[in-house]
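Below: one structure, written as C-alpha cells.
The values are calculated or read from the model by the stated rules, or taken from the named source; none is laboratory data. Nothing here was measured: the structure is a model prediction, and the numbers come from that model. Every residue, glycine as well, gets a Cβ built from its backbone with ideal geometry; the counts of neighbours run over all protein chains shown. Just so you know, the surface numbers come from the protein's heavy atoms only, side chains and all, with ligands and any DNA or RNA stripped out. Shrake-Rupley method; radii C 1.70, N 1.55, O 1.52, S 1.80 Å.
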Amino acid sequence: MNIQKEIEKLKKEKNAIILAHNYQLPEIQDIADFVGDSLNLSIKAKDTKAQIIIFCGVYFMAETAKILSPHKKVLIPVKEAGCSLADNITVQQINRLKKKHPNAKVLCYVNTTAEIKAKSDIVCTSANAVEVTEKVLKDEEVIFIPDKYLGLYTMRKTNKKFILHSGYCPVHVSIRKEDIKRQKRLHPKAKILAHPECLPEVIDLADKVLSTEGMCRYAKKTKFQEMIIATEIGILHRLRKENPKKKFYPASKTAVCPFMKVIRLKDVLDSLKYERYPVEVPLSVRLGAYRAIQEMLKVS
C-alpha cells in the first residue's frame, strides 16, 4: 500500500480529516480534505463531524483550531513548525504597550499564538482587518499587533491611526517592487495580486490587495487570464489546480516560508498512526482567545 492510500485508510478508521494551509507543499495540499487559510480551516475543523484534526500548517494555526474545537483531538504533524511573525510578539510586550496606552484596544492579527489572542480585545485576519476596524474600532485608540505592514495597509484604507508593533513576515517583505516590475515586463497583460503583509512599495503596484483566500476567489471569477502573485509561492499550486486554463507567476521565486515546507507525507501518516503531536491550549488561555475570536466573528 502506498503512503497516500494508507493515509486515506487511517482517516476513515479514525474519523479524521486533514487540513492544509495554502502555503503547504503540493503533495500535502493534494492529500488534504480542505485547503485554505488558517481561520477558515479552523472553522472547517469546528463544523466537521471528524474527531481527529490533522492540521498541516504552523503551530499557531493548530492552536486556533483547538480553541474553536476544544473537545476534538487536534494534531500537528511536525511540532517544530513555527512562525517568525507569531513569535515576534510576547505577552510582556503587549503588557508594556497596554501600560503605555491604557485606554487603547488591542487588535490582534490571527497570525499570533493563543496566549497573544487571549490578551487582545479582538482578532482580525488579512481579509477582514479593514472591516473590523471600520465596524468595531472606529472611535477607539488601537494597538495593532504584530504585523506593521498589515497595520499600515489597514490604516491607509480606514484613515485610522494605529499604535503599531514592529513585527513583519520575512517572506512577504522579501518581495520588492523590483520583483513586481520585472514580472510585469515579462508578463505585461498580467494583473498583480498582492497580500496586505507586503511592503507599501509592493502594495502601490498591485491591481488587487487580497488575502490568500481572496486571491483564490478572485482567480476563479476574473476574466483575466494571467496573474502575478505577490505572496508565498505555495499558493500557486492551488491556483493552478483550480484554474488550469489561467497562468500564474510568482512575484518572487524566493518567497518561500521554510516553516510551511517542513511537513511531509510521512509526517502526516505518522501523525495519524500514532496520534502525534497533540496541540493543547490551557483553559484560561483558550477562553480569552475564544472571546477575542468571537468578537471578530460577530461583525465579519
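Against the numbered list (1) touching a Leu at 6+ places or on another chain (Cβ under 8 Å); (2) closer than 30 Å to Arg156 by Cβ, Val279 comes up short only at (2).
Just so you know, in the range 209-230 the residues that are touching a residue at least 60 places away in the same chain (Cβ under 8 Å) and of a type outside the set (Gly, Ala, Ser) include one that is surrounded by the most Cβ atoms within 10 Å (Cβ to Cβ), and it is Thr212. Taken together, the residues in the range 100-111 that are touching a Cys at 6+ places or on another chain (Cβ under 9 Å) and either open to solvent by less than 20 Å² (accessible area, probe 1.4 Å) or at pLDDT below 95 (or both) amount to 4. Give the residues of the range 250-294 that are open to solvent by less than 80 Å² (accessible area, probe 1.4 Å), more than 30 Å from Val202 (Cβ to Cβ) and in contact with a strand residue (DSSP E or B) (Cβ under 7 Å, 6 or more places away or on another chain), sorted by residue number. Val268, Ser271, Leu272, Glu275, Tyr277, Pro278, Val279, listed by residue number. For Asn15, the stated conditions hold: it is over 13 Å from the mean Cα position of the chain (by Cα), on the phi > 0 side of the Ramachandran plot and free of Cβ contacts under 8 Å to residues at least 60 places away in the same chain. Taking every residue in the range 189-200 that is among the β-branched types (Val, Ile, Thr) and pairing it with any residue that is surrounded by fewer than 24 Cβ atoms within 10 Å (Cβ to Cβ) and part of a loop (DSSP other than H, G, I, E, B), at least 6 positions away or on another chain, the pairs with Cβ-Cβ distances below 8 Å are Ile192/Leu205; Ile192/Ala206; Ile192/Asp207.
Of the residues making up the range 236-249, those that are assigned to a strand (DSSP E or B) and touching a residue at least 40 places away in the same chain (Cβ under 8 Å) number 2. The single condition among (1) out of contact with any Asp or Glu (no Cβ under 9 Å at 6 or more places or on another chain); (2) of a type outside the set (Lys, Arg); (3) within 18 Å of Tyr59 (Cα to Cα) that Val285 does not satisfy is (1).
Residues of the range 250-284 that are part of a loop (DSSP other than H, G, I, E, B) and either of a type in the set (Phe, Trp, Tyr) or under 30 Å from Ala219 (Cβ atoms) (or both): Ala251, Ser252, Lys253, Thr254, Ala255, Val256, Cys257, Pro258, Val262, Ile263, Arg264, Tyr277.
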